[in-house]
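Each remark here refers to the structure printed beneath this line.
The values are calculated or read from the model by the stated rules, or taken from the named source; none is laboratory data. Source: prediction; values computed, not measured. Every residue, glycine among them, receives a Cβ derived from its backbone with ideal geometry; neighbour counts consider all protein chains shown. Quick note on the areas: whole protein, heavy atoms, side chains included, nothing else; ligands and nucleic acids left out. Shrake-Rupley method; radii C 1.70, N 1.55, O 1.52, S 1.80 Å.
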Amino acid sequence: MAITGVQRAGFVQIRVQDMKAALHHYTEVLGLIEVAKGGDGRVYLKAWDEHDHHSVVLREADAPGMDRMAFKVADNDDLNDFETRLEDSGVTVTRIPDGEDEATGERRQFVIPTGHTIELYAEMEQVGNGMPLDNPEVWPDGLKGMHPSRFDHCLLYGDDLDGSVKLFTEILGLRIAEQVVTPDRKLMIGAFLTAATKPHDVAFIRSPDKDRFHHASFFVESWNDLQLCADLITKNKVKLDIGPTRHGITRGGTIYFFDPSGNRNETFCGGYIYYPDRPMLTWTEDELGRAIFYYDRQLNENFLSVTT
Ligand code: FE
């Protein structure tokens, strides 16, 4: 097993203002599968090809946004090692006991310099992907909506980009697959960080305010699936942001839209496989339009200004 330490973006807890409307969106339109309702009203969802219990938790609240993003680490030794390394670097780490989230082992929670709450965990009950492990089909029955195969990544906006990138790279061991810098290359504006083989598991854009949530992204198989996503957005009168189009960064196909509370979702396809010896790509700010929206070659106003 070559992938050690932080393995992947594991789950995200998103605040929604109306759980009924949110569940319709996340299950019938986006096509996640509802796995469990917690005693505290939170709802746990997964994408179809994930074996773990959940990758999205919805919590009803007065304002939208992201409560926390959690990364799965290889085992409990890693969990303890990362706790020590975080504390040695001055980060306060809170231990969350086994079972506080449904079907989830102990977690370590901390706030990163951009103000986002991040967690690490090693254990989650596996519920399978709806197919047998022996001689499976290629997809299970009963898929709905856009039916992404997995939760892929989040994009987060915050002020101390350098601090959060340093924490993720130097302590948690993620690598910068791509970065955006000012034309004089003195200031990093964006960082796309990978834990293993995806082009990114989490990305950051420098912005004035702390703890802003730009989007959670879900992986679909192909460009044709993005057309299905676009059809469903129109059919269900979902608020579209932009797309289908393509990113220069990651080379992935994309469509952005909003849940009923105004949280941005993305469905995403393609992108390259990242290996640790792949050189980092750099985009200069004057090419930011092409980096984010390769075909339009300019940013839409929403992309820069709308976060939750
Ligand atoms: Fe994205």
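Scanning segment 231-268 for residues that are open to solvent by less than 30 Å² (accessible area, probe 1.4 Å) and under 17 Å from E178 (Cβ atoms) yields H247, G248, I249, T250, G252, G253, T254, E266, F268.
Is it the case that segment 158-179 has a residue that's within 16 Å of the ligand (Cβ to nearest atom), in contact (Cβ under 8 Å) with a residue 12 or more places away in the chain and assigned by TED's automatic domain parsing to the domain that holds K72? No, segment 158-179 contains no residue that is within 16 Å of the ligand (Cβ to nearest atom), in contact (Cβ under 8 Å) with a residue 12 or more places away in the chain and assigned by TED's automatic domain parsing to the domain that holds K72. Of all the residues in segment 226-260, those that are part of a helix (DSSP H, G or I) and within 15 Å of the ligand (Cβ to nearest atom) number 2.
Residues in segment 38-72 that are farther than 25 Å from E221 by Cα and not in a loop (DSSP other than H, G, I, E, B): V43, R59, E60, G65, M66, D67, R68.
Might you check whether a residue that is in the same structural domain as D160 (by TED's automatic domain parsing) and within 25 Å of D49 (Cβ to Cβ) occurs anywhere in segment 278-293? Taking every residue of segment 278-293 in turn, at least one turns out to be in the same structural domain as D160 (by TED's automatic domain parsing) and within 25 Å of D49 (Cβ to Cβ).
Checking each residue in segment 177-205 for being crowded, with 19+ Cβ neighbours inside 10 Å, closer than 15 Å to T284 by Cα and in contact with a helix residue (DSSP H, G or I) (Cβ under 7 Å, 6 or more places away or on another chain) picks out V180, A191. Taken residue by residue, segment 274-293 has at least one member that is open to solvent by less than 60 Å² (accessible area, probe 1.4 Å), within 12 Å of the ligand (Cβ to nearest atom) and touching a helix residue (DSSP H, G or I) at 6+ places or on another chain (Cβ under 7 Å).
Return a yes/no flag: does segment 230-238 have any residue that is among the polar types (S, T, N, Q) and under 30 Å from I3 (Cα atoms). No, segment 230-238 contains no residue that is among the polar types (S, T, N, Q) and under 30 Å from I3 (Cα atoms).
Would you check which residues across segment 73-99 are without any contact (Cβ under 8 Å) to a residue 40 or more places away in the chain and assigned to a loop (DSSP other than H, G, I, E, B) and list them? Listed by number, the residues that qualify are G90, T92, V93, P97, D98, G99.
For every residue, the table says whether it meets (1) closer than 23 Å to H215 by Cα; (2) of a type in the set (F, W, Y); (3) open to solvent by 30 Å² or more (accessible area, probe 1.4 Å); (4) not in a strand (DSSP E or B).
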{"residue": "G130", "(1), (2), (3), (4)": "no, no, yes, yes"}
{"residue": "N135", "(1), (2), (3), (4)": "no, no, yes, yes"}
{"residue": "D141", "(1), (2), (3), (4)": "no, no, yes, yes"}
{"residue": "G145", "(1), (2), (3), (4)": "yes, no, no, yes"}
{"residue": "F151", "(1), (2), (3), (4)": "yes, yes, no, no"}
{"residue": "L155", "(1), (2), (3), (4)": "yes, no, no, no"}
{"residue": "G163", "(1), (2), (3), (4)": "yes, no, no, yes"}
